[in-house]
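*Asks:* Here it is, the structure in full.
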Amino acid sequence: MPVPASTFLLLSAVLFTLGAIGFMVRRNPLVVFMCIELMLNAVNLAFAAMSRYLNSLDGVVFAFLVITVAAAEVVVGIAIIVQVYRAGRQMDVDELDLMKE
Amino acid sequence: MVVGFAIVAAWELVTAVGVVAFRKPMYNALSLVANMLGLAVLFLMLNAQFLFAAQIIVYAGAVMVLFVFIIALMNPEADISFIPRGTEWIYGVVFGVIFAALLGALLFNRGLTGRPGAFTPEVIAATGNVQTIGILLYTRFLFPVEVTSVLLLIAAVGAVYLAMRRIR
């Protein structure tokens, strides 16, 4: 295996950081969700890399579970976003203060 | 192998920046699709064929179709918010840089330790990748799988409930 494990982990760290920056910088809730997906993907990459280099399948199994949880999270999150949008609110996470009222 | 990895890694970085930086949500979604396909290729390089298939079917297939449909349905006109009103976004960037530095310091100062497991590529190849993972899922990881199935059920019920009611 010519590519060392730390290279995969470094790529994963950079992808996670990009997702985290996007999560804080962007204000469209859909794009914020996409940045969350980016972070989850980066974690999956780290899982897969470690399970490959440690000859273990635990990481692959947990990456699979993470994919499942991410799918469930997207379904509920998008349902909430659509509800908020239907209620005529702005598509801006800074303006969303429904819970305060 | 190294050249392939370099190409895919560059692809991943470019598309990830696209997810964060494009202004139109549809472009964000499409570059996220590209990012996930590149990640599937990385999984293939890591000998995780099962994850490769799951990534393409669940993420690039189901999740991103949902995103694209919702964007097309709601048509949120140009999200101009990448250049924000205040200066809050600086905090985001500063956090990102500090966070990346911390991760890098962890990676380079601590060796990658861990007890190697029993699943060498030869062992996996003997029974097949998907078969091995399937057996693991239903024996050793039975409890997490069951918990995840309950979670999926709750998510489905919650989505249906949210779709039925209206917020005033």
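*Asks:* Out of A:Val25, A:Val60, I need the residue that is crowded, with 19+ Cβ neighbours inside 10 Å, out of contact with any strand residue (DSSP E or B) (no Cβ under 8 Å at 6 or more places or on another chain), at pLDDT 90 or above and over 25 Å from B:Met164 (Cβ atoms). Which one?
*Replies:* So the residue among A:Val25, A:Val60 that is crowded, with 19+ Cβ neighbours inside 10 Å, out of contact with any strand residue (DSSP E or B) (no Cβ under 8 Å at 6 or more places or on another chain), at pLDDT 90 or above and over 25 Å from B:Met164 (Cβ atoms) is A:Val60.
*Asks:* State whether the residues of the stretch B:96-115 include one that is more than 7 Å from every other protein chain (Cβ to nearest Cβ), surrounded by 11 or more Cβ atoms within 10 Å (Cβ to Cβ), more than 24 Å from the chain's Cα centre (by Cα) and not hydroxyl-bearing (Ser, Thr, Tyr).
*Replies:* No: the stretch B:96-115 contains no residue that is more than 7 Å from every other protein chain (Cβ to nearest Cβ), surrounded by 11 or more Cβ atoms within 10 Å (Cβ to Cβ), more than 24 Å from the chain's Cα centre (by Cα) and not hydroxyl-bearing (Ser, Thr, Tyr).
*Asks:* Sticking with this structure for a sec: Residues being more than 7 Å from chain B (Cβ to nearest Cβ) and either part of a loop (DSSP other than H, G, I, E, B) or under 14 Å from the mean Cα position of the chain (by Cα) (or both): count how many of those fall in the stretch A:48-69.
*Replies:* Qualifying residue count for the region: 1.
*Asks:* Turning to a different aspect of this structure: Just to be sure I understand, how many residues within the stretch B:18-66 are in contact with a Lys or Arg (Cβ under 8 Å, 6 or more places away or on another chain) and either surrounded by fewer than 17 Cβ atoms within 10 Å (Cβ to Cβ) or closer than 23 Å to A:Thr17 by Cα (or both)?
*Replies:* Quick first cut of the stretch B:18-66, residues in contact with a Lys or Arg (Cβ under 8 Å, 6 or more places away or on another chain) only: B:20, B:46-48.
Next, from what is left, pick out any that are either surrounded by fewer than 17 Cβ atoms within 10 Å (Cβ to Cβ) or closer than 23 Å to A:Thr17 by Cα (or both): B:20, B:46.
Selection size over the stretch B:18-66: 2.
*Asks:* Give, as residue ranges, the helices (runs of 4 or more DSSP H) completely inside the stretch B:1-89 that count at least 1 residues that are under 17 Å from A:Met34 (Cα atoms) and modelled with pLDDT under 85.
*Replies:* B:64-74
*Asks:* Considering only residues that are part of a helix (DSSP H, G or I) and at the interface with chain A (Cβ under 8 Å from one of its Cβ atoms), which ones fall in the stretch B:124-141? Even if it seems obvious, please write down each step before you answer.
*Replies:* Going through the stretch B:124-141, the residues part of a helix (DSSP H, G or I) turn out to be B:124-127, B:129-138.
Across the stretch B:124-141, the qualifying residues are B:Ile124, B:Thr132, B:Ile133, B:Leu136, B:Leu137.
*Asks:* For A:Leu45, state whether it is touching a residue at least 40 places away in the same chain (Cβ under 8 Å), within 7 Å of chain B (Cβ to nearest Cβ), within 20 Å of B:Val33 (Cα to Cα) and assigned to a helix (DSSP H, G or I).
*Replies:* no
The values are calculated or read from the model by the stated rules, or taken from the named source; none is laboratory data. What you see is a predicted model, and the numbers here were worked out from it, not measured in a lab. All Cβ positions, glycine included, derive from the backbone under ideal geometry; neighbour counts span all protein chains shown.
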